[in-house]
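Undergrad: One structure follows; several queries about it will come next.
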Amino acid sequence: MNNKISKEPINDEEIENEKIYYRRANIDDIKALVEYRIKFLNELYDPPEGDEINIIKKNLEEYFSKRILSKDFISWLAEYKGKIVGTSGMVVWQLPSRYGGLESGKLGYILNLYTIPEKRRKGICTKLLNELIQEAKSAGLKYLHLHASKYGINIYKLLGFKEPYHKELVLKIE
């Protein structure tokens, strides 16, 4: 299958799950990864005004270009009739070793689990997430983290994700 994205919308026809093609994203998919990351962000946040969106797109393109090649970012895509209908991503990062199964210090952070609105509730994100879990196992990761939206939390819990024992805090530096 080629990596060109069809611009034609998929109508509300019933999707045939056996015809969905799942594949690992590669360097040729960067523009699509940027496009779908922006779609994802626009559903969670108010889109920025001014040049901020162009800065974000440029930074995303640079990030994906570097991180896909270094294997610090792994993404799986779902395609139906030549159009991307779902995306996923996992950032692989490392902390100093610690007790409790984190001897390597390597962790995964799941993000960009996104299905186009008209194809939701068809199991696409679940399949993409399972692909990332297999990638994590192959890489020797022992833990995966994510931030759950209200739309995805039930999928994550069904697959075994739990609320962390220790509460995470965030400081925005201004």
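The values are calculated or read from the model by the stated rules, or taken from the named source; none is laboratory data. Computed from a predicted structure; not experimentally measured. Note: ideal-geometry Cβ built from the backbone for every residue, glycine included; neighbour counts use all protein chains shown.
Undergrad: Which residue, of Glu131, Glu135, is closer than 30 Å to Leu169 by Cβ and not basic (Lys, Arg)?
TA: Details: Glu131 fails: closer than 30 Å to Leu169 by Cβ.
Matching residue, one of Glu131, Glu135: Glu135.
Undergrad: What pairs can you find where one residue is in the stretch 152-168 and modelled with pLDDT of 85 or more, the other is of a type in the set (A, V, I, L, M) and part of a loop (DSSP other than H, G, I, E, B), and their Cβ atoms are less than 6 Å apart, with a gap of 6+ or different chains?
TA: Listed pairs, sorted by first residue: Tyr156/Ala148.
Undergrad: Pick from Ser104, Ser88: which is under 25 Å from Asn130 (Cα atoms) and modelled with pLDDT of 95 or more? Give the steps one after another, and end with the answer.
TA: Values: Ser104 fails: modelled with pLDDT of 95 or more.
On inspection, the qualifying residue turns out to be Ser88.
Undergrad: Let me spell it out: the conditions are (1) under 20 Å from Leu60 (Cβ atoms); (2) in a loop (DSSP other than H, G, I, E, B); (3) not hydrophobic (A, V, I, L, M, F, W, C), and Tyr165 meets all of them except one. Which number is the exception?
TA: Result: Tyr165 fails condition (1) only.
Undergrad: Return the pair list, or none, for Cβ contacts closer than 7 Å from residues in the stretch 27-42 that are more than 20 Å from Ser149 (Cα to Cα) to residues that are surrounded by fewer than 18 Cβ atoms within 10 Å (Cβ to Cβ) and among the acidic types (Asp, Glu), at least 6 apart or on different chains.
TA: Ile30/Glu61
Undergrad: Just a yes or no: is a residue in the stretch 59-70 under 19 Å from Tyr156 (Cβ atoms), over 12 Å from the mean Cα position of the chain (by Cα) and exposed (fewer than 15 other Cβ atoms within 10 Å of the Cβ)? Can you show your working first?
TA: Here is the first cut: in the stretch 59-70, the ones under 19 Å from Tyr156 (Cβ atoms) are none.
Within the stretch 59-70, none of the residues are under 19 Å from Tyr156 (Cβ atoms), over 12 Å from the mean Cα position of the chain (by Cα) and exposed (fewer than 15 other Cβ atoms within 10 Å of the Cβ).
Undergrad: Can you pull out the strands (runs of 3 or more DSSP E) entirely within the stretch 72-162 that have at least 2 residues that are closer than 25 Å to Leu60 by Cβ and polar (S, T, N, Q)? Walk me through how you get there before you give the answer.
TA: Values: elements: 76-80, 83-94, 106-115, 144-146.
Once the strands (runs of 3 or more DSSP E) in the stretch 72-162 are filtered for at least 2 residues that are closer than 25 Å to Leu60 by Cβ and polar (S, T, N, Q), what remains is 83-94, 106-115.
Undergrad: A follow-up question, please. What number of residues within the stretch 124-151 are over 15 Å from the mean Cα position of the chain (by Cα), in contact (Cβ under 8 Å) with a residue 24 or more places away in the chain, farther than 18 Å from Glu163 by Cβ and surrounded by fewer than 17 Cβ atoms within 10 Å (Cβ to Cβ)?
TA: Taking the stretch 124-151 first, the residues over 15 Å from the mean Cα position of the chain (by Cα) are 137-143, 150.
Within this subset, residues satisfying the condition of being in contact (Cβ under 8 Å) with a residue 24 or more places away in the chain are 139-143.
Then keep just the ones that are farther than 18 Å from Glu163 by Cβ; that gives 139-141.
Subset that is surrounded by fewer than 17 Cβ atoms within 10 Å (Cβ to Cβ): 139-140.
Number of matching residues: 2.
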